[in-house]
Amino acid sequence: MTERVRVPEAHDEPGGPGGAFLLARPRSGLVGETHRVAHVFPLTAGQQPGLLVAYCGYSGRPGELDLLDRPAGMPCERCLVIAARRAGAESIPHPRRG
């Protein structure tokens, strides 16, 4: 049986016609506090059920993530840069590699 992704509130994807995205971060206790950054997860038609993959490549399942209804906490810099570029902000510098 495949797990369905329950989306509490999807946001319009920057620069995407009719696309949507979620904001989420790893749940407390699953990773150290310094790794609990908020990621941008685009919702695509062909994604694997129950798996969310952020713009930066971070992946998680709904039970492993705190879904956010607004920006909160420390943002993932790579996700922000990629989202800004998709929205047409061409002068954004390349994200740092950690």
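Where a number appears in this text, it was derived from the coordinates with a stated rule and is not lab data. These figures come from a predicted structure and were not determined experimentally. In this analysis, Cβ positions are derived from the backbone assuming ideal geometry, glycine residues included, and neighbour counts consider all displayed protein chains.
The phi-based Karplus calculation (6.51 cos²θ - 1.76 cosθ + 1.60; θ = phi - 60°) puts the 3J(HN,Hα) values of segment 53-62 at 10, 6, 3, 7, x, 4, 10, x, 9, x Hz, whole numbers, x for Gly and Pro. Modelled this way, with points 7 Å down the Cα-to-C-beta line, the labels at Thr34 and Arg70 are 3.0 nm from one another.
Gyration tensor over the Cα atoms of segment 25-71: the corresponding equivalent ellipsoid has semi-axes (square roots of 5 times the eigenvalues, largest first) of 19, 11, 10 Å.
Spacing of the modelled spin labels on Leu51 and Arg27, each 7 Å from Cα toward Cβ, amounts to 2.0 nm. Close amide H partners of Ala38, meaning residues 5 or more places away or on another chain with modelled amide H under 5 Å apart, are Met74, Cys76.
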